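A.B. asks: Here you go, one structure.
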Amino acid sequence: MALGTINIISSLAAKPIGGTHGEHFLVVDNPREIAHLIQDIHNNPEKYEHMKQKSRDFMRELYTWNIFERNLLDMLNSLV
C-alpha cells in the first residue's frame, strides 16, 4: 500500500489495518472472487486507479516511523 499499489487482502488482514474496502484496498475472501478481481484489475486498470494514491496517503498518515514515534512520545509524556 505504501508503494501506491492495488492490494487485495482478506477480511482478517483488513481488520487491523483500519482502511476502507474499495478506497484503500480490496477485501476478498473467496479464491474464485480473487481471480475474477485480478482479471478485472488487469482488464480495467483505470477503474482502480484512484486506490493507488488513496492507499499510499493512508499509509503515510497512519503507519510511518514518525507517527509511531509521536504516539510513543505522547504515551510516555502522559505517564510522566
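The values are calculated or read from the model by the stated rules, or taken from the named source; none is laboratory data. No experiment lies behind these values; they were computed from the predicted model shown. Positions of Cβ are generated from backbone atoms using ideal geometry, with glycine treated the same way; all protein chains shown enter the neighbour counts. Accessible surface areas use protein heavy atoms only, side chains included; no ligands, DNA or RNA. Shrake-Rupley method; radii C 1.70, N 1.55, O 1.52, S 1.80 Å.
A.B. asks: If you take the residues in segment 53-70 that are over 11 Å from the mean Cα position of the chain (by Cα) and either among the small types (Gly, Ala, Ser) or open to solvent by less than 90 Å² (accessible area, probe 1.4 Å) (or both), which one is nearest to Met1 (Cα to Cα)?
C.D. replies: Across segment 53-70, the extreme among qualifying residues is Thr64.
A.B. asks: Same structure, new question: Just to be sure I understand, how many residues within segment 34-64 are β-branched (Val, Ile, Thr), at pLDDT below 95 and part of a helix (DSSP H, G or I)?
C.D. replies: Restricting attention to segment 34-64, the residues satisfying the condition of being β-branched (Val, Ile, Thr) are 34, 38, 41, 64.
This time we only want the ones that are at pLDDT below 95, so: 64.
From what's left, part of a helix (DSSP H, G or I): none.
Looking only at that region, the number is 0.
A.B. asks: Across segment 1-33, which residue is farthest from Met59 (Cα to Cα) among those that are out of contact with any His (no Cβ under 8 Å at 6 or more places or on another chain) and assigned to a helix (DSSP H, G or I)?
C.D. replies: Across segment 1-33, the extreme among qualifying residues is Arg32.
A.B. asks: Give the residue that is farthest from the chain's Cα centre (by Cα), with candidates limited to residues of segment 27-52 that are over 17 Å from Ala14 (Cα atoms) and open to solvent by 100 Å² or more (accessible area, probe 1.4 Å).
C.D. replies: Only one residue tops the list, namely Arg32.
A.B. asks: OK, next. Which residue out of Glu69, Glu61 is over 19 Å from Lys15 (Cα atoms) and without any contact (Cβ under 8 Å) to a residue 60 or more places away in the chain?
C.D. replies: Just one listed residue meets the conditions, Glu69.
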